[in-house]
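Asks: Have a look at the structure that comes next, please.
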Amino acid sequence: MCGIVGILGTQPVADDLVDALKRLEYRGYDSAGISTVENGVLGRLRAKGKLKNLQKRLNEAPLQGHAGIGHTRWATHGAPNESNAHPHMTDKVAVVHNGIIENFKALRDKLESEGAHFESDTDTEVIVHLISEELASGRAPEQAVHGVLAQLEGAFAIAVIFGGHDDLMIGARRGSPLAIGYGEDQMYLGSDAIALAPFTDRVSYMEDGDWVILTRSSATILDEGGQEVERKITKSFASAMLVDKGNHRHFMAKEIHQQPEVIAHTLGYYVDLTKNIVKIPDFDIDFKTLPRITISACGTAYYAGLVAKYWFERYARLPVEIDVASEMRYREAPMEPGGLALFISQSGETADTLATLRYCREQKQHVAAVVNVKESTIARESDAVLPTLAGPEIGVASTKAFTCQLTVLACLAIKAGRERGHISKDEEVELVTQLVELPRHISSVLKNEHLFEKIAHGLAHKRDVLYLGRGSSYPIALEGALKLKEISYIHAEGYAAGELKHGPIALIDEDVPVVVVAPKDDLFEKTVSNMQEVAARGGQIILLTDDQEAAENFNAASSFVVPKAHSFTNPLLFAVPVQLLAYHTAVFMGTDVDQPRNLAKSVTVE
Ligand code: F6R
């Protein structure tokens, strides 16, 4: 997935394009480029790597066109080098593209057999040649693009400008998001409203199959068949301010430290703090008669769902089916009509999660989504939206969004338990009180952050690390392993502690640290037995617990003790030490913590 932007302006647009791309860098940062049209002539600058490399090139040789398109890339087809960077162009047309053209091979073979010369390994370049061919045969740009769209298969969003046309830009959306921004005698296209926030707050969202013909004074939106359609212009609340790191070295550090505040903020939305009971605005699912919940999400958001499964089953006796969205979307799972399908996504744009949502809707499920970006596609396509109030999350590794997702899901599980008669009024007050205590407990973990610097030394430069946990600590072990591998590039795996003896124990020796997430709950003694098995084989244990005595008595290589809380809220509390452990290991290893290699914040391709 990539970020795309387009501007029809009244001044040179290159700087504004770069500004918009900065806001889209979360979608990819393998390379970046812009193209403008100046007095009918297309110009282009591209650079491998982060946006600052493109900025440097622009400083040396500015582009002056008043109409332009820009792109920040997350490579799918073709290596992340300059020749594969967008825009792709001929002298007639320049194109930026987010998504995948699935039939590009067949199209490319055909174009090459007809004499087209390709300069890149990308799927995008077929669009450029197809449009150029249409233009060469005398078609107008609008007809050319419409004709080409009919030949493309896959999910994509594109923005196109044309040689010889200083006041024309065409955008199209199929699968990948694209928004139109309306300015004063200026028009914009962007992958999201955040990219357009410095220029306009008047935005309309294109629907699947839509394409749009823009001039500085008009936007004509058409459907796949070429019929004009209306799309509502809404006021966007995306902030024009670029988020900064404050006093922190990385966005990830800032976001870890924001957790007490944003969890409290989220609780303020879902809890009546005068009575310590749950109140969920705009959510009218009847949990009493609900047969089951189906949860689906990806990555860290999936692990939040896995914690929720433990909560819904234990506290509400409500059956939960959960699967990663990339599997669920193709499983053809039969679903009893009337169930609740719950999706969890920070960005609200993850392609697999969105596709699963659409599948579940076809299966006649009520669709609810826990999302951080309220204007996202997943939010817009859901019957009920449960916002997390984490604020913009910039670090690619999700931290505060995860704990805010857990906060929302905890409130939902309490509501379900109460309505189904498995949680009494007093128990509800007790559980909510425990949630309200959490920001204070997390702050106290953060005050001891310096201890993680030392523990991280024990992890840095190891080849493999195992994470173990039982019950609702198991998803936290999975999350800990994911955090470590994505930002430090150390291979890490999370296991249910009881699974160790069924295979992974073969890996244990003195070079494999084992991080054990072990709150003193009803499963603690079982986890201790698993730690003994590790210790007996020379494994180095890093113990994360809430029991000082256990930490002192158990012969761990290192340990960290979090404040004693309720077993219900422990997944939230223990999420923080696993984040800190990964963060400090990555800092020690000198990796790019906020923008780790090969990743992107929002995954809008399959
Ligand atoms: C890991 C991480 C990813 C995301 C996943 C889903 O730190 O951030 O695993 O959780 O790509 O993204 P969203 O939540 O935007 O759907």
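Asks: The range 254-436: percent of C-alpha pairs farther apart than 22 Å?
Replies: That tail contains 40 percent of the Cα-Cα pairs.
Asks: Related question: Once Lys and Arg get +1 and Asp and Glu get -1 on their Cβ, which of Tyr474, Ala492, Cys404 lies farthest toward the positive end of the dipole of the range 376-497?
Replies: Most positive-ward Cα: Ala492.
Asks: Related question: Ranking request for peptides 287-294, 382-389: highest mean number of other beta-carbon atoms within 10 Å first, then the rest in descending order.
Replies: Highest-to-lowest ranking by the protection proxy: 382-389, 287-294.
Asks: The range 174-223 to the range 284-331: how many Å between their Cα centroids?
Replies: 35 Å
Asks: Sticking with this one: Can you tell me what share of the DSSP beta bridges in the chain is antiparallel? A percent to the nearest 5 is fine.
Replies: 60 percent
Asks: Rounded to the nearest 0.05, what FRET efficiency is calculated for Glu102 and Glu224 with R0 set to 25 Å and r the Cβ-Cβ distance?
Replies: FRET efficiency, Glu102 to Glu224: 0.90.
Asks: Given R₀ = 35 Å, FRET efficiency for Thr215-Glu327 by Cβ-Cβ distance, to 0.05?
Replies: Efficiency, rounded to the nearest 0.05: 0.20.
Asks: How many angstrom separate the Cα center of the range 2-23 from the Cα center of the range 358-404?
Replies: Going from one Cα centre to the other spans 27 Å.
Asks: Which of the DSSP-defined H helices in the chain satisfy a minimum axial length of 30 Å, computed from C-alpha atoms, and a minimum mean Kyte-Doolittle hydropathy of -0.5?
Replies: Span-like helices, by this rule, are 425-447.
Asks: Here is a further query. I need the peptides 557-570, 466-479 ranked by packing, meaning the mean over residues of other C-beta atoms within 10 angstrom, with the highest value on top.
Replies: Peptide ranking by packing, descending: 466-479, 557-570.
Asks: Moving on. Would you kindly state how much longer the chain becomes between His461 and Ala506 on full extension, computed as 0.36 nm times their sequence separation minus their alpha carbon distance, in nm to one decimal?
Replies: Between His461 and Ala506, full extension yields 14.1 nm more.
Asks: Which order, highest average first, do 167-175, 76-84 follow once you tally other Cβ atoms within 10 Å for each residue and take the mean per peptide?
Replies: 167-175, 76-84
Asks: Sort out for me the Cα centre separation of the range 524-574 from the range 71-145, rounded to whole Å.
Replies: 55 Å
Every number here is computed from the coordinates shown, using simple stated rules; none is lab data. As the structure is a prediction and not an experimental result, all values here were calculated from the model. In this analysis, Cβ positions are derived from the backbone assuming ideal geometry, glycine residues included, and neighbour counts consider all displayed protein chains.
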